Amino acid sequence: MTPAVDVILPCLNEAGPLPWVLTRLPAGYRAIVVDNGSTDGSADIARGYDALVVHEAQRGFGAAVHRGLLTATAPVVAFCDADASMDPGDLPLVAGPVLAGEHDLVLGRRRTTSRGTWPAHARFANWALARLMRRATGLPLHDLGPMRAAGREPLLALGLRDRRSGYPLEMVLTARREGWSILEVDTPYSARVGQSKVTGTIKGTITAIRDMSQLLAEHKKDAARGRTERVRP
């Protein structure tokens, strides 16, 4: 039976949280675990829980999740971290409006469940980038939304190119440019198991900010170019 939603889980050494994550998937949601070079047996653990496992040799968040998107076959795809910071049981919050045809892209705004869940440097970076994202899109968005959902074929048609930490932002900017209906909903966010590969360190946070700032600058140039072309005689 074809699943209603394919859930893409980028994975780099997540042996600890994977069993909990994979047992929390709602009925009709299939896990696609994209192993991005794990050395702790994460891929074997995922197979043991009946997840579809694919491998992506190119390191990077964007590379991993895009491999999952290319592998998916369900009409709707959802994205979720594999570190237990988000409960897959909450996936219908983001996938439901897409399945119902009410919105094209739904982003989960992280709402912490306890103090200390989100490192201060990562929280500040997200706040700053979300502010820039609001300016660029004109949408009332507050988070880059690691838990999100959209139609699989429309996502592929966006032609996303970033293969690092800018992938989630590129998705929002491109979808907005294409006139998609974008919704943000609250989703619970807990302390992750292990250290984040992106925002768990200051270095990783700086890299993410650099990648996303570059995308925002390119988006601004594209928008200006489009305005210039429209006013040409």
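The values are calculated or read from the model by the stated rules, or taken from the named source; none is laboratory data. Note that the structure is predicted; figures quoted are calculated from it, not measured. Positions of Cβ are backbone-derived with ideal geometry, glycine not excepted, and every protein chain shown enters the neighbour counts.
Quick look at the values:
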item	result
Subset of the stretch 84-103 (residues that are touching a Leu at 6+ places or on another chain (Cβ under 9 Å) and surrounded by 23 or more Cβ atoms within 10 Å (Cβ to Cβ))	Pro88, Leu91, Val94, Val98
Of all residues in the stretch 104-130 being outside any strand (DSSP E or B) and of a type in the set (A, V, I, L, M), the one that is surrounded by the fewest Cβ atoms within 10 Å (Cβ to Cβ)	Ala120
Selection status of Ala84, in a loop (DSSP other than H, G, I, E, B), farther than 23 Å from Leu158 by Cβ and out of contact with any Lys or Arg (no Cβ under 8 Å at 6 or more places or on another chain)	no
Some residue of the stretch 164-171 being of a type in the set (S, T, N, Q), assigned to a strand (DSSP E or B) and touching a residue at least 24 places away in the same chain (Cβ under 8 Å)	no
Hits in the stretch 28-65 (condition: among the charged types (D, E, K, R) and under 16 Å from Pro17 (Cα atoms))	Asp35, Asp40, Asp44, Arg47, Asp50
Some residue of the stretch 12-19 being out of contact with any Asp or Glu (no Cβ under 7 Å at 6 or more places or on another chain), crowded, with 19+ Cβ neighbours inside 10 Å and within 30 Å of Glu178 (Cα to Cα)	no
Within the stretch 131-163, considering residues that are assigned to a loop (DSSP other than H, G, I, E, B) and among the hydrophobic types (A, V, I, L, M, F, W, C), the one modelled with the lowest pLDDT	Leu144
Residue count for the stretch 65-85, restricted to those that are touching a Phe, Trp or Tyr at 6+ places or on another chain (Cβ under 9 Å) and at pLDDT 95 or above	6
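Residues checked against (1) closer than 28 Å to Arg161 by Cβ; (2) modelled with pLDDT under 95; (3) in a helix (DSSP H, G or I); (4) out of contact with any Phe, Trp or Tyr (no Cβ under 8 Å at 6 or more places or on another chain):
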residue	(1), (2), (3), (4)
Pro10	yes, no, no, no
Leu25	no, no, no, yes
Ile32	yes, no, no, yes
Val54	yes, no, no, yes
